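The values are calculated or read from the model by the stated rules, or taken from the named source; none is laboratory data. Because the structure is a prediction, the values reported are computed rather than measured. Neighbour counts are summed over all protein chains in view; Cβ atoms, including those assigned to glycine, are modelled from backbone coordinates with ideal geometry.
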Amino acid sequence: MKVTVFGIGYVGLVQAAVLADVGHHVCCVDVDEKKIENLKNGQIPIYEPGLTDMVIKNYEKGRLLFTTDAAEGVAYGRLQFIAVGTPPDEDGSADLQYVLAVAGRIAGLMEEPKVIIDKSTVPVGTADKVSAHIQGILSERGVDLEFHVASNPEFLKEGSALDDCMRPERIVVGTDSAEVEGVMRELYEPFSRNHDKIMVMDVRSAEFTKYAANCMLATKISFMNEMSNLAEKLGVDIEQVRKGIGSDSRIGYHFIYPGCGYGGSCFPKDVQALERSASEVGYEAKILRAVEAVNYRQKEVLFSHICRHYGTALSGKTFALWGLAFKPNTDDMREASSRVLLEALWQAGAIVQAYDPEAMNEAQRIYGTRSDLRLMGTKEAALQGADALVIVTEWKSFRVPDFEQIGIELKDKVIFDGRNLYDPARVEALGLAYYGIGRGRSIIAGE
Ligand SMILES: NC(=O)c1ccc[n+]([C@@H]2O[C@H](COP(=O)([O-])OP(=O)(O)OC[C@H]3O[C@@H](n4cnc5c(N)ncnc54)[C@H](O)[C@@H]3O)[C@@H](O)[C@H]2O)c1
C-alpha cells in the first residue's frame, strides 16, 4: 500500500520504517529541512535500537521516501497519517496547531479521496475538529472530495519502539466506516498474524483509550512513589514491598518501580491534557491531579536527599551523574528527571560531571557549553575527581558497577541512587553511604 506520514519524529519515523519493512511504500513528510536532508544521507535524528538499519535498508530499497514537500506527500498515499507533536498549551491542554496545520495542508492539496488518520495523541473530539477543518478548506476550494478521518493512537515505548510496532499488543482503530476499517486491516495485517490485534471502535473511544492507557501507567508510577516516600518515613524497604505486591497477579510487576519521577514526551503532557479535558466538561479529575503533583514532587527527591546529606554546603561540590535520558535506551531528555536535578544542583553552585550512553548530544544541545556541566565520555570518567555519585537513569550498564573503584574515586563516598539499582547493605559494606528511594534504612543512614 502507498502511505504518507506527516511528522517524522519518534512516532512517525518508527511507524514509517516498520510499515516499509513489511513491504508498504511510505512517503515521509516533515517541515524540518535539516532532518529530512540528514535522513536522506542515512543520519537518523533519534536513538532507537535497530532503527538506523531499518531506515537505511528500506530507503535503499525505495520503500521509504523523505521530503519536505507537502504536495508530494498528499499526492502519494491514499492513507495520510498525522504524527506531529501535540505539546501542552499554556493551560496544559493539548496544542492541536500542528495537527490542524497538517490537516489544512492535506485539504488544500488533495485531488482525490483520502483517509486521514490521527496517530498523534489527541483529545476526544479532535477527529471531529480535523474533519470540520478539512471540510471547510475543501468548501473554500469549491471541490467535493470524499474523505474520512480515523483515529489510530500509537502505543509504542521509546527504547523498544521497533519491537512494539512490529509485535503490537493491540492496534486500536477508531472509525465508523466499514471501508476505512477494511483499509486499516489490510495495512496492519502483517502485524496481526498470530491473532487478531486490531480493535475497531468508535473514534472518540479510540482517542480516549490512548489517554486512559498513559494515565493508568503514570498512576501506577506515582502511586508507587507515594508508597516509597511513606516507606522511607516508616523505616520500610519499598523494594521488599514492591516484590510483595508485584507477585499479586492483579497488580503485577510492571510499572511499580519506585524512582525519581517519570518524564518523557508523553506521560507528563498526557496526564495534564486529560485533566484539562476533564475540567472543560466540568469534571474534577482528582486522581490525575494527584498523579501529576506526586510526580512533580518526586523529581525533587534526589536533590532533597543530597541536601539532607550535605546541608546547604553544595557550592563547589562536584557530582558524578549517571543517566540523562528520561529512561534507558533512548536519547530523549524531554521532561527528564535529570533536568530538574541538574538545574537544582547548578542553582546551589555545584558542578556536574555527567555521562549517559546515548543522551550526551541531546544534553549538549539543550544546555550548550557551561562551566558547571562537564559531559564525560564514560561512566568511569564521570567519577574522576567527583565528590558523590547520583544515578538518574536505569541504563543496564549502570547495574553492576565496580563499587571498589567508585569508593576510591569519590571524595565523599556517597551514592544517591534514584532508581534503586543497588543493594544498600552491599554498598554500605564497602564503606559508601547510600541513599535510595524509599529504602527505609537510607533515611536512618542519613540522619
Ligand atoms: N514519543 C513517544 O514515545 C510517543 C508514543 C506514543 C504517542 N506519541 C504521540 O505521537 C505524537 C508525536 O510524538 P513524537 O514524540 O513523535 O513527536 P516529535 O516531536 O518527535 O516529532 C514531531 C515531528 O513533527 C514535525 N512537524 C511539525 N509540524 C509539521 C508539519 N506541519 N508537517 C510535517 N511535519 C511536521 C516536527 O518537525 C517533528 O519532526 C504526539 O502526539 C505524541 O504524544 C508519542
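So which residues in segment 110-134 are more than 27 Å from the chain's Cα centre (by Cα) and either within 12 Å of the ligand (Cβ to nearest atom) or part of a loop (DSSP other than H, G, I, E, B) (or both)? Spell out the reasoning first.
In the first step, residues of segment 110-134 are kept if they are more than 27 Å from the chain's Cα centre (by Cα); the result is 110-115, 131-134.
Result: M110, E111, E112, P113.
Collect the residues in segment 135-173 that are more than 13 Å from the ligand (Cβ to nearest atom), in contact with a Leu (Cβ under 9 Å, 6 or more places away or on another chain), aliphatic (A, V, I, L, M) and assigned to a loop (DSSP other than H, G, I, E, B), keeping them in residue-number order.
L145, the sole residue that qualifies.
For segment 1-51, what are the residues that are away from the ligand (no atom under 12 Å from the Cβ), outside any loop (DSSP other than H, G, I, E, B) and under 20 Å from the mean Cα position of the chain (by Cα)?
A17, V18, L51
Would you mention how many residues in segment 52-94 are part of a helix (DSSP H, G or I) and small (G, A, S)? Break it down into steps so the answer makes sense when it comes.
Narrowing segment 52-94 to residues part of a helix (DSSP H, G or I): 52-60, 70-76.
From the residues that got through so far, the ones that are small (G, A, S) too are 70-71, 73, 75.
Matching residues across segment 52-94 total 4.
Sort through G246, G252, G261, G182 and tell me the only one that's in contact (Cβ under 8 Å) with a residue 40 or more places away in the chain and either more than 16 Å from the ligand (Cβ to nearest atom) or within 25 Å of the chain's Cα centre (by Cα) (or both). Write out each step before concluding.
Working: G246 fails: in contact (Cβ under 8 Å) with a residue 40 or more places away in the chain; G252 fails: in contact (Cβ under 8 Å) with a residue 40 or more places away in the chain; G182 fails: in contact (Cβ under 8 Å) with a residue 40 or more places away in the chain.
Unique residue meeting the criteria: G261.
Return the total of residues in segment 83-99 being within 9 Å of the ligand (Cβ to nearest atom) and over 17 Å from the mean Cα position of the chain (by Cα).
Taking segment 83-99 as the starting set, the residues that turn out to be within 9 Å of the ligand (Cβ to nearest atom) are 83-87, 94, 97-99.
Filter once more, so that each one left must be over 17 Å from the mean Cα position of the chain (by Cα): 97-99.
So the answer is 3.
Would you check if there is a residue in segment 211-223 being of a type outside the set (A, V, I, L, M), modelled with pLDDT of 95 or more and either in a loop (DSSP other than H, G, I, E, B) or surrounded by fewer than 16 Cβ atoms within 10 Å (Cβ to Cβ) (or both)? Reasoning before the result, please.
Residues of segment 211-223 that are of a type outside the set (A, V, I, L, M), as a first pass: 211, 214-215, 219-220, 222-223.
Filter again for modelled with pLDDT of 95 or more, leaving 211, 214-215, 219-220, 222-223.
Applying the additional criterion that residues be either in a loop (DSSP other than H, G, I, E, B) or surrounded by fewer than 16 Cβ atoms within 10 Å (Cβ to Cβ) (or both) yields none.
No, that holds for no residue.
Going by what's in this entry, would P328 be described as free of Cβ contacts under 8 Å to residues at least 24 places away in the same chain and touching a Lys or Arg at 6+ places or on another chain (Cβ under 9 Å)? Don't jump to the end; show me each part of the working.
Working: free of Cβ contacts under 8 Å to residues at least 24 places away in the same chain: no; touching a Lys or Arg at 6+ places or on another chain (Cβ under 9 Å): yes.
No.
Determine which member of the set V241, V236 is in a loop (DSSP other than H, G, I, E, B) and either crowded, with 16+ Cβ neighbours inside 10 Å or in contact with a strand residue (DSSP E or B) (Cβ under 7 Å, 6 or more places away or on another chain) (or both).
Answer to the selection: V236.
Would you confirm, using the coordinates I've provided, whether R289 is part of a helix (DSSP H, G or I) and either within 26 Å of Y434 (Cα to Cα) or at pLDDT 95 or above (or both)? Step through it out loud before you land on a result.
Values: part of a helix (DSSP H, G or I): yes; either within 26 Å of Y434 (Cα to Cα) or at pLDDT 95 or above (or both): yes.
For R289, the condition - part of a helix (DSSP H, G or I) and either within 26 Å of Y434 (Cα to Cα) or at pLDDT 95 or above (or both) - is met.
Out of all the residues in segment 150-165, is one or more closer than 30 Å to E111 by Cβ, in contact (Cβ under 8 Å) with a residue 60 or more places away in the chain, surrounded by 20 or more Cβ atoms within 10 Å (Cβ to Cβ) and of a type in the set (A, V, I, L, M, F, W, C)?
No, segment 150-165 has no match at all.
Could you check segment 294-348 and list, in sequence order, the residues that are crowded, with 19+ Cβ neighbours inside 10 Å, assigned to a helix (DSSP H, G or I) and among the polar types (S, T, N, Q)?
N295, Q298, S337, S338
Given the conditions (1) crowded, with 22+ Cβ neighbours inside 10 Å; (2) modelled with pLDDT under 95, and given that R419 satisfies all but one, which numbered condition is not satisfied?
Among (1) crowded, with 22+ Cβ neighbours inside 10 Å; (2) modelled with pLDDT under 95, the lone unmet condition for R419 is (2).
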